[in-house]
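Where a number appears in this text, it was derived from the coordinates with a stated rule and is not lab data. Just so it is clear, the model here is predicted, and its values are computed rather than measured.
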Amino acid sequence: MGVDLGIADIATTSTGHRHSGRRLNRTRANDRKLRTELQKKGTRSAKRRAKRHAGREARRTRDINHKISKHIVAEAQRTGRGIALEDLKGIRERARLKKPQRVTINSWAFHQLGAFIAYKARRAGVPLVHVNPAYTSQECSRCHHIDRRNRPSQAVFVRLQVLRLR
């Protein structure tokens, strides 16, 4: 079972199940706005409040990552499949993004999610393999044909029929 990690949808499995990041991204934006206001204020109580709020933000993200990883491993175990997970090591250095996108990608806890999936898969006896992330969003899971037209939009994957001439 392939797992595609992303920002709009935190995790999308090859079985078609999506774990949306919409609510998490919205709360992160609100947290970022509150943090900015508290840092501008600069008082001792504002600093204390910001520190307490940072702990909440980290716990919320960890909780969501636990829930998503638990669901992915349970689905793989139920269907008797292994898990293929993208190896996103060094993505922050490789990705060239505009400033607003940098904030989004740097607050994304994909490593933590991968670690949770790995330890839960090991505990459940589900095989896990890390794959090269290049073109995974455009690759057909059945025939492994890679084409940009397979992914006309973020939310849609279209399986193109490939005619192979002999």
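Applying the Karplus relation 6.51 cos²θ - 1.76 cosθ + 1.60 with θ = phi - 60° to region 64-80 yields 3J(HN,Hα) values of 5, 4, 4, 5, 5, 5, 4, 5, 5, 5, 5, 5, 5, 5, 5, 8, x Hz, where x marks Gly and Pro. The H on the amide N of R151, modeled in the peptide plane, is under 5 Å from the matching H of V158, each at least 5 residues off or on a different chain.
Once backbone amide H atoms are built at 1.01 Å from N, I83 has L128, V129 as its partners under 5 Å, excluding neighbours fewer than 5 places away on the same chain. Taking amide H positions as modeled 1.01 Å from N, with prolines and chain starts lacking one, the residues under 5 Å from A11 and 5 or more places away or on another chain are G6, H19.
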